[in-house]
Amino acid sequence: MASGFRRQSAPSIALLALLLLTGACSSPRPAPPVTPATPSPAAPGPVSPSPSPAQDLVLVGPAPTDLHDVDWAKTPVPGEFCDVPGLVQPGAEGEATATSQTWGTVRIQRGINVKYGDTDGDQRDEAAVYVGCDDNGATMSGQLVAAYVVFTRKGDSLAAIGAITPRHKSAAYITALVGLEFAPGRITVHEKWYRQTDPRCCPTGDATTVWTLGGNRLTPGEPRVVS
């Protein structure tokens with residue numbers, strides 16, 4: 001390959017020789033001092049959200065010594081799981097109409113089955129009450145949220161620790177909650193999720209999520225797809 005010098009024109013070579021001769025005859029001059037540049041501050045990385053404060057217990061009324069003796073039909077539930085402020089008192093049929101800050105007019109429903117188990121290690125059972133939230137009949141598939149509200153005894157009061165909601169998202173409709181088990185420090189929740197081809201009646205996917213109890217906070221782990 002031809003070198004770069006061979007491609008130079010005659011005037012360019014003469015100019016280069018003149019510059020070299022001038023540099024050889026001139027006294028060397030020290031280069032001006034280089035002022036160190038002030039280092040620029042590092043660009044901030046993504047800001048991590050501040051950790052949420054510990055969740056406060058929501059007191060809903062007096063509690064018997066044993067939560068198995070609670071009259072759940074007369075017990076209000078926190079509406080936070082459906083973005084409804086405050087407590088909601090389902091009526092005799094286990095339903096109440098409320099206003100969600102996300103969905104507007106909604107219907108809150110309380111299930112009839114209550115699950116019991118000790119997860120905080122005090123040798124007394126906590127309780128998980130199934131609740132649902134739908135769009136009050138506005139659409140055919142109007143269910144918006146399913147949840148278990150977990151209750152404990154705090155002093156002489158019945159207190160809601162928080163709401164457990166499905167963690168694995170369905171391709172269609174909302175994921176259903178079909179059961180849970182209490183264990184020391186955790187609650188394992190079973191979910192049924194919809195594949196794209198599942199009919200409304202029959203979700204075929206299974207997943208489990210383990211929620212851990214720390215202080216007054218229930219924290220979900222990553223859902224594990226079983227099928």
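Among what's in the range 124-161 and is of a type in the set (S, T, N, Q) and modelled with pLDDT under 95, pick the residue that is nearest to ALA183 (Cα to Cα). Looking at residues that are of a type in the set (S, T, N, Q) and modelled with pLDDT under 95, I get GLN143.
Considering only residues in the range 124-141 that are in contact with a helix residue (DSSP H, G or I) (Cβ under 8 Å, 6 or more places away or on another chain) and more than 16 Å from GLN89 (Cα to Cα), the one that is surrounded by the fewest Cβ atoms within 10 Å (Cβ to Cβ) turns out to be ARG124.
For the condition surrounded by fewer than 13 Cβ atoms within 10 Å (Cβ to Cβ) and within 24 Å of the chain's Cα centre (by Cα), what is the one hit in GLY121, GLY104?
Numbers: GLY121 fails: within 24 Å of the chain's Cα centre (by Cα).
Checking each option against the conditions leaves just GLY104.
The rows are residues; the columns are (1) within 19 Å of LYS115 (Cα to Cα); (2) modelled with pLDDT of 95 or more; (3) hydroxyl-bearing (Ser, Thr, Tyr).
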| residue | (1), (2), (3) |
| --- | --- |
| ILE164 | yes, yes, no |
| HIS168 | no, yes, no |
| ALA171 | no, no, no |
| GLU181 | yes, yes, no |
| ILE187 | yes, yes, no |
| TYR194 | no, yes, yes |
| GLY205 | no, yes, no |
| VAL210 | yes, yes, no |
| THR219 | yes, yes, yes |
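Remark: ALA160 falls outside the filter, which requires a residue to be within 17 Å of THR65 (Cα to Cα) and in contact with a Lys or Arg (Cβ under 9 Å, 6 or more places away or on another chain). Of the residues making up the range 197-227, just one is loosely packed, with under 12 Cβ neighbours inside 10 Å and acidic (Asp, Glu), namely GLU222.
Give ASP83, ASP66 a once-over and let me know the one that is closer than 14 Å to VAL131 by Cβ, among the charged types (D, E, K, R) and in contact (Cβ under 8 Å) with a residue 12 or more places away in the chain. One residue alone meets the criteria, ASP83.
Just the residues that are under 24 Å from THR219 (Cβ atoms), under 25 Å from the mean Cα position of the chain (by Cα) and not hydroxyl-bearing (Ser, Thr, Tyr), please, taken from the range 124-134. Those that are under 24 Å from THR219 (Cβ atoms), under 25 Å from the mean Cα position of the chain (by Cα) and not hydroxyl-bearing (Ser, Thr, Tyr): GLU126, ALA127, ALA128, VAL129, VAL131, GLY132, CYS133. Exactly one residue among ASP135, ASP83, ASP125 is within 18 Å of SER157 (Cβ to Cβ) and of a type outside the set (Ser, Thr, Tyr), and that residue is ASP125.
Quick one: in the range 92-102, of everything that is at pLDDT 95 or above and not acidic (Asp, Glu), which residue is nearest to ALA183 (Cα to Cα)? By that ranking, first place goes to GLY94.
Looking only at the range 150-203, which residues are of a type in the set (Gly, Ala, Ser) and under 17 Å from the mean Cα position of the chain (by Cα)? Break it down stepwise before answering.
Within the range 150-203, the subset of a type in the set (Gly, Ala, Ser) is 155, 157, 159-160, 162-163, 170-172, 176, 179, 183, 185.
GLY162, ALA163, SER170, listed by residue number.
Each residue in the range 107-118 was checked for being under 16 Å from PRO90 (Cβ atoms) and surrounded by fewer than 20 Cβ atoms within 10 Å (Cβ to Cβ), and 5 pass.
The values are calculated or read from the model by the stated rules, or taken from the named source; none is laboratory data. Note that the structure is a prediction, hence the values are computed from the model and not measured. FYI the Cβ positions are ideal-geometry reconstructions off the backbone, even for glycines, and counts take in every protein chain you see.
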